[in-house]
Amino acid sequence: MNRQNGATGIGLLGAGVVGSQVVRVILDPDANNQLSLNGILVRDIERQRDGVPSELLSTDPEMVLSDDRNDIIIEVMGGEEPARSYMAAALSAGKHVVTANKEALAKHGDELTNLAVQNGVSLSFEASVGGGIPVLAVIQDSLTANRIESIRAIINGTTNYILSSMDESGMSFEDALSEAQELGYAEADPTADVDAHDAVYKLSILARLAFGASASPDMIHREGIRNIGAKDLRYARALGFTVKLLAIARAGPDGVRCRVHPALVPADVPMANVNGVLNAVELNGDLLGPLWLQGRGAGAGPTASAVMGDVLRIAKGMLSNGSKASERTNAPNVVDMDDLQVRYYVRLTCLDRFGVLAKIAGVFGDATISIASVLQFDADDERGLADLVIMTHPSREASMQEAASRLRQLDVVASLENLIRVEDYDTV
Ligand code: NAP
Ligand code: HSE
């Protein structure tokens, strides 16, 4: 560590929501944290930033990356590039890197980890998953003697807020999204959150740390929440469930399966009651059993808490060099969805007349899927249509997809509105 007058030198890439809060923590006169902030990279030097000294701002990345006084580079710019290149350059120059950037890590984690190991520095990224929840530290440190068997998590606050609002008030997805945007929880372009890219990036990072699995984002099954209707929340409730966007990674005999999709969660389990923008992570270790972590997954304070935790551990010499991402090295396969066995909720709009149920049941029977219950809701006499909700017994994913494609072609089915997997809680 190249200490300046006993202080650890810091270069900051980005001074937006998270970066500005990081500056305020570093410069807090009461903190006595022995950190010296030498330069801050931004795009727009004229922008007003509360508590950020304008004389430290620069639009030239070299002012931060090539400053010999900097021992640690904090990257809170976001996005894939140029963040990846800047982090690679910092690691190659022998500087520790702390980042909150899940996209760059999910896509380039192996490359950045190798650079950290080769250069004898650390790459730390607690803030990239679960905001302020110290989930990575728990996996890397506290549970290091455990074999992690499964992870189940709500790791996107925006979608959890939208689904909670829909459940509480019966509003549509579109109205709940608009409300989340007005409150500043959802971005103007909500794609990364509602189409579950953000949750996939976070699960990719968790899977690498917990299982040693190289689960790149394109290997993770991804479904967002755009297709969840107010009716799904209402019918799920009638059946004793709520709907959550879950990120799940589970180790099995053939490897680790990673998936992010909406799921029916029994209304009486803790995960069903994680509401609003909160995040929660449920880990299952072979020695410990289940562990539950819940907290604020985003926002300036929680995210800066995680960033600064990493920074201070490096400054105090508490982190070994290299990234612990490479420590669980048995590198299991990442398996696809075909052999997943779960129960399914299937919502159809179909003709409301004799013989319809028999035709639909025939499709399930042909696909060797056993039906557990059938409920009819909201029959529409004028249009001669009804909503049918079919719950299955545990079935193979590939069989369910085959049945779904045949159901869509049936003349008595107006539309297959939704197919949602059930997350059962007798299996952890
Ligand atoms: P933000 O408010 O958009 O801030 C980004 C900052 O980076 C801005 O200061 C911006 O400069 C600067 N920047 C971006 N691209 C740049 C470039 N090419 N060159 C120079 N400067 C550049 O983002 P944020 O919300 O703080 O998020 C930062 C990171 O933390 C992201 O990786 C995000 O995923 C992660 N994160 C955020 C939260 C949260 O609650 N916000 C939670 C967890 C993780 P200007 O200010 O001049 O535009
Ligand atoms: N957009 C993320 C969320 C926060 O809604 O949880 C940053 O990780």
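The values are calculated or read from the model by the stated rules, or taken from the named source; none is laboratory data. Being a predicted model, the structure only gives us computed values, none of them experimental. So basically every Cβ, Gly included, is an ideal-geometry build from the backbone, and we count neighbours across all protein chains shown. Please note that ligands, DNA and RNA were not included when accessible areas were found on the heavy atoms of the full protein model with its side chains. Shrake-Rupley method; radii C 1.70, N 1.55, O 1.52, S 1.80 Å.
So for the range 354-428, averaging the separation of alpha carbon pairs under 8 Å that are six or more residues apart and normalising by length, what relative contact order in percent results?
About 27 percent, as a whole number.
Test of understanding: express the Cα radius of gyration of the range 327-397 as a ratio to 2.2 N^0.38 Å, with N the residue count.
Its radius of gyration relative to the 2.2 N^0.38 Å reference: 1.58.
Between Ala280, Gly297, Cys258, whose Cα lies farthest towards the positive end of the dipole of the range 208-325 when Lys and Arg beta carbons carry +1 and Asp and Glu beta carbons carry -1, centred on the Cα centre?
Gly297
Please report the carbon-and-sulfur percent of the accessible area for the chain; probe 1.4 Å, protein heavy atoms only, DNA, RNA and ligands left out.
So the carbon and sulfur contribution to the accessible surface is 47 percent.
Please give, to one decimal in nm, the separation of the simple spin-label points placed at Arg313 and Asp30, each 7 Å out from Cα toward the Cβ.
Label at Arg313, label at Asp30, 2.6 nm between them.
Return one number: the angle in degrees, 0 to 90 and rounded to the nearest 10, between the long axis of the Cα atoms of helix 157-169 and the longest principal axis of the Cα atoms of the chain.
With rounding to tens, the tilt is 40 degrees.
Of all chymotrypsin sites (Phe, Trp or Tyr not before Pro) in the range 334-428, which ones are in loop regions per DSSP and have a Cβ with at most 16 other Cβ atoms within 10 Å?
Passing both the DSSP loop test and the Cβ count: Phe354, Tyr425.
At a threshold of 8 angstrom on Cα-Cα distance, excluding pairs fewer than six apart, so keeping six or more, what relative contact order does the chain reach in percent?
16 percent
Heavy atoms only, probe 1.4 angstrom, no DNA, RNA or ligands counted: give me Arg84, Arg347, Arg24 ranked by accessible area, highest first.
Arg24, Arg84, Arg347
Any idea what log10 I(q)/I(0) is at q = 0.15, 0.18 Å⁻¹ for the range 1-118, Debye with uniform C-alpha scatterers and no solvent?
-0.63, -0.90
Would you give the gap between the C-alpha center of the range 148-217 and the C-alpha center of the range 96-113, rounded to a whole Å?
Going from one Cα centre to the other spans 20 Å.
Would you mind listing how long the range 157-309 runs along its three principal axes, going by Cα atoms, in whole Å with the largest first?
41, 39, 28
Can you work out the accessible area per residue across the chain, with the rest of the protein chains kept in place, probe 1.4 Å, in square angstrom?
With the other protein chains kept in place, the chain gives 42 Å² per residue.
Report the extension gain between Met337 and Asp110 in nm, rounded to one decimal, defined as 0.36 nm multiplied by the number of residues separating them, less their alpha carbon distance.
So the chain would gain 79.3 nm between Met337 and Asp110.
Only bridges whose two residues both fall in the chain count here: according to DSSP, what percent of them are antiparallel, nearest 5?
Rounded to the nearest five, the antiparallel share is 70 percent.
Let me know the shape class of the chain, please: from the alpha-carbon gyration tensor, a ≥ b ≥ c as square roots of the eigenvalues, rounded when a/c is under 1.5, otherwise prolate if a/b is greater than b/c, or oblate.
Note, shape of the chain comes out prolate.
Treating only the Cβ atoms of Lys and Arg (+1) and Asp and Glu (-1) as charged, compute the dipole magnitude of the range 135-281 about its Cα centre; round to the nearest 20 debye.
So the dipole magnitude of the range 135-281 works out to roughly 660 debye.
What size of dipole, in debye to the nearest 20, comes out for the range 1-145 about its Cα centre when the only charges are +1 on Lys and Arg C-beta atoms and -1 on Asp and Glu C-beta atoms?
In total the dipole reaches around 140 debye.
Work from the charge dipole of the range 31-143 (Cβ charges, +1 for Lys and Arg, -1 for Asp and Glu, about the Cα centre) and give the residue of Met63, Asn33, Ile133 farthest towards its positive end.
Farthest along the dipole direction, towards plus: Ile133.
Relative to the longest principal axis of the C-alpha atoms of the chain, give the angle of the C-alpha long axis of helix 83-92, reported between 0 and 90° and rounded to the nearest 10°.
For 83-92 against the chain, the angle is about 40 degrees.
Is the range 73-169 best put as rounded, prolate or oblate by its Cα gyration tensor, with a ≥ b ≥ c the root eigenvalues, rounded for a/c under 1.5, and otherwise prolate when a/b is larger than b/c, oblate when not?
Because a/c hits 1.5 or more and a/b fails to exceed b/c, the range 73-169 counts as oblate.
Please give the helix 356-366 orientation as an angle from the longest Cα principal axis of the chain, in degrees from 0 to 90, rounded to the nearest 10.
The two axes meet at around 60 degrees.
Which value, in debye to the nearest 20, gives the size of the charge dipole of the chain about its Cα centre, when Lys and Arg are +1 and Asp and Glu are -1 at the Cβ?
Dipole about the Cα centre, nearest 20: 900 debye.
Go through the range 376-428 and name the GluC sites (Glu not before Pro) that are in a DSSP coil and have 13 or fewer other Cβ atoms within 10 Å of their Cβ.
Loop-located and lightly packed - Glu382.
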